[in-house]
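K.L.:
Have a look at this one before I ask anything.
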Amino acid sequence: MSTKLEDFIRDNKREFDTDRPSGGLWDKIEAELDKQEKQKKKLKRTFSLQLWSGIAASLLVVLGITFLYVIPGKRGKISVEDVNPAYAQKQVKFVSIIEQKQDSLLAYAKTNPELYRKFKADFEVLNKTYEGLNKEMAGSPNQQMVVKAMVRNLEIQIQLLNQQLSIINEVSQYKKENSI
C-alpha cells in the first residue's frame, strides 16, 4: 500500500506544488532574525552596563565608608612630630622634665598636703590648656603655630613646677630655721 501512495505522490507532484512562498518571505525572515540578534546584543550591553554600574556604585560606597571612618581618625591622631620633628624632640624632653619635677613635688605632698593641692590645681589649669591645644592641632589651618603654643605651654609648666619646688624648699628651710 505504501508503494501505491508513493507512486501517486510522484505522479501528481506538480499539482501539490501549486503554492509557492512569496519572494519577500526570506527577506522578512532575515529581517526578523537580525532584529532578534540586535535585541540580544542590546540586552547584553544593558546587562554589561548594569554590571559595571553596580561595581562602580559598590566601589564608591566602600570608598565613602573608608573616608568617613579612616580619614577623620587619622586627622584626630596627628602628632607634633608630623607637624615639626624638632618641636617633637623638645616636647619629649620637656615631658620627661615635667614628670621628674612632679615626682619631686609628690614627695613633699605628705609633709604639706594643702600646699600640694594648690600647686596641683595650678598645674592642672596649664595641663588642660595643653590638652586643648593638642585637640585643636588636628583641625587647625596653622598647625605650626599650635605646636609652638604647645611647646611654650610645656615650658611654662616647667617654670611653674620650678617655682613650686622653690617655694617648697623655702617653706622647708623656714621650718628648719624656726624649729631650732
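K.L.:
To two decimal places, what compactness ratio does the range 140-180 give when its Cα radius of gyration is scaled by 2.2 N^0.38 Å?
P.N.:
So the Cα radius of gyration is 1.97 times the expected 2.2 N^0.38 Å.
K.L.:
Convert each backbone phi in the range 44-49 into a coupling constant with the Karplus relation 6.51 cos²θ - 1.76 cosθ + 1.60 (shift: θ = phi - 60°), then list the ³J(HN,Hα) values in order as whole Hz, x for Gly and Pro.
P.N.:
5, 4, 4, 5, 4, 5
K.L.:
Between T111 and I156, with labels modelled 7 Å along Cα→Cβ, what's the label distance in nm to one decimal, could you check?
P.N.:
Spacing of the two 7 Å Cα→Cβ label points: 3.0 nm.
K.L.:
Using only the Cα atoms of the range 31-111, each taken as one equal point scatterer with no solvent, compute I(q) by the Debye sum, divide by I(0), and report log10 of the ratio at q = 0.16, 0.20 Å⁻¹.
P.N.:
Once normalised to I(0) and log-transformed, intensities are -0.85, -0.95.
K.L.:
Taking all pairs of distinct Cα atoms, average 1/r, flip it, and tell me the Kirkwood hydrodynamic radius of the range 79-179 in Å to one decimal place.
P.N.:
14.8
K.L.:
Can you list the lysines whose alpha carbon sits under 30 Å from that of K44, skipping same-chain ones fewer than 8 residues off?
P.N.:
Excluding near neighbours in sequence, the set is K28, K35.
K.L.:
Report the net charge of residues surrounding R117, where surrounding means a beta-carbon distance below 15 angstrom and charges are Lys +1, Arg +1, Asp -1, Glu -1. Let's see the in-between values first.
P.N.:
Numbers: positive: K110, K118, K120; negative: E114, D122, E124.
So the surrounding residues net to 0.
K.L.:
Another question, then. Can you list the lysines whose alpha carbon is less than 24 Å from that of K118, not counting same-chain residues fewer than 8 positions off?
P.N.:
Candidates past the 8-residue exclusion: K101, K110, K128, K175, K176.
K.L.:
Within 15 Å, Cβ to Cβ, of E30, how many net charges do the neighbouring residues add up to if Lys/Arg are +1 and Asp/Glu are -1? Write out the running numbers ahead of the final one.
P.N.:
Values: positive: K28, K35, K38; negative: D27, E32, D34, E37.
Once positives and negatives cancel, what remains is -1.
Coordinate-derived values only; no laboratory data. These numbers come from a predicted model, not from an experiment. We place every Cβ from the backbone using ideal geometry, glycine too, and count neighbours over all the protein chains shown.
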